[in-house]
Amino acid sequence: MSTLLKKNFKVGLIQLAAGSDKQKNLAKARGKILEAAKAGAQVIVLPECFNSPYGCQYFPDYAEPIEPSPPSEEQSPSWNMLSSAAKETNTYVVGASIPELSQDKKTYYNTAFVFNPKGELLATHRKTHLFDIDIPGKIKFIESDVLSAGNKVTIVDLPDYGKIGLAICYDVRFPEMAMVAARKGAFMLVYPGAFNTTTGPMHWTLQARARAMDNQVYVAMCSPARDTTSTYHAYGHSMVVNPNADVITELEEKEDIAYADIDGSKIDEIRKGVPLYTQRRFDVYPDVSAGKVRYEE
Ligand SMILES: NC(=O)CC(=O)C(=O)O
């Protein structure tokens, strides 16, 4: 019996390439969820923007309203596919992410969902740090041209296992979010994310390993597959990192599924050897106390 994890399990990260046909994207995602479940995954994660190509020019056309909840099949085919696939496979599905259209139809978000094995929605996370960057000669991407930001740290209790922290892509670069989720008892941080062929080689693995090392938790990063005919070249390399910051599974850039065994005793072992959790000095840095943070469980 481990401190944070009630039961060990296998996670499956689905690295898929989304094209321009939303129905095909959803059918492919559904097929891959079934495949991952058949291979024994009990928690299954999809990549950022799995129903649409990744790019500000696409978000309005692919966006779906998800409120009031539950949305009808017509309002949100993506939401309904995720819910029914979770139920059909008896797994937790982290369906992340899709462009969301707000109820008043004025605002777009980049939103991830977690469904339980009954197909019920447990949580949503709206990307909180928007991907606004400009690296001259390499990549310029201004998500805030179209999207609005979420405003919370998301911690989701999976009743069979324990708590995960859920955030999206650029959110991983902000260690504060990871830290809050970990301090609140998350055993794993899950990041659907579409880094690219510039920022991926620079920082993807470093970010994953850093969040795992700082917090002594598992980190799962699930990318789209690379499609060089699309306008955005995703990095791929979906991976799981253990609480010792070792990469325990990593894909290449093509479509595939990464599997990893999530073992609660590993968290306890690492924390026992390097006991950061009893050595923190909140008397020295009181502003970092999670009590002042906006979070939702
Ligand atoms: N796409 C993102 O949100 C983030 C990214 O590509 C990066 O941080 O690099």
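The values are calculated or read from the model by the stated rules, or taken from the named source; none is laboratory data. In this text, all values refer to a predicted model and were calculated from it rather than measured experimentally. Positions of Cβ are backbone-derived with ideal geometry, glycine not excepted, and every protein chain shown enters the neighbour counts. For accessibility, only protein heavy atoms count, side chains too; no ligands or nucleic acids. Shrake-Rupley method; radii C 1.70, N 1.55, O 1.52, S 1.80 Å.
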Between the Cα axis of helix 205-215 and the main Cα principal axis of the chain, the angle (0 to 90°, nearest 10) is 40 degrees
Please figure out what share of the DSSP beta bridges in the range 171-273 is antiparallel and state it in percent, rounded to the nearest 5.
60 percent
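According to the square roots a ≥ b ≥ c of the eigenvalues of the Cα gyration tensor, what is the shape class of the range 30-95, taking rounded for a/c under 1.5, prolate for a/b larger than b/c otherwise, and oblate for the remainder?
Details: a/c = 2.80, a/b = 1.51, b/c = 1.86.
The shape class here is oblate.
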Rounded to 0.05, the calculated FRET efficiency for the beta carbons of THR229 and TYR259 at R₀ = 41 Å is 0.90
Paramagnetic reach from THR278 in the range 190-221 [backbone N under 20 Å; point 7 Å along Cα→Cβ]
214-217
Comparing TYR170, TYR92, TYR109, which has the greatest mean-square fluctuation in the GNM of the chain with Cα pairs linked when under 10 Å apart?
TYR170
Accessible area (Å², per residue) of the range 143-297, counting only protein heavy atoms and a probe of 1.4 Å:
43 Å²
When the charge dipole of the range 164-297 is computed with +1 at the Cβ of Lys and Arg and -1 at the Cβ of Asp and Glu, the Cα pointing farthest to the positive end, of CYS222, GLY185, TYR170, is that of GLY185
Averaged per residue, what accessible area in Å² does the range 34-137 show with a 1.4 Å probe, protein chains only?
39 Å²
At most 15 other Cβ atoms within 10 Å and a DSSP loop assignment: could you name the GluC sites (Glu not before Pro) in the range 31-102 that fit?
GLU73, GLU74
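Given axes a ≥ b ≥ c from the Cα gyration tensor, I'd like to know whether the range 1-159 is rounded (a/c under 1.5), prolate (a/b larger than b/c) or oblate.
Details: a/c = 1.58, a/b = 1.46, b/c = 1.08.
Prolate, because a/c is 1.5 or more and a/b exceeds b/c.
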Could you state how much accessible area ASP134 has, in square angstrom rounded to the nearest 10, with a 1.4 Å probe and all protein chains kept in place?
90 Å²
Cα centroid distance between the range 26-88 and the range 136-207, in Å?
19 Å
Ignoring ligands, DNA and RNA, what percent of the accessible area of the chain is carbon or sulfur (1.4 Å)?
49 percent
Report HIS129's accessible area, 1.4 Å probe, all protein chains in place, as a number in Å² to the nearest 10.
50 Å²
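With a ≥ b ≥ c the root eigenvalues of the C-alpha gyration tensor of the chain, is it rounded (a/c under 1.5), prolate (a/b larger than b/c) or oblate? Present the calculation step by step, with values, prior to reporting the outcome.
On the way: a/c = 1.43, a/b = 1.29, b/c = 1.11.
Since a/c stays below 1.5, the shape of the chain is classed as rounded.
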To the nearest 10 degrees, how steep is helix 22-38 against the longest Cα principal axis of the chain, on a 0 to 90 scale?
40 degrees
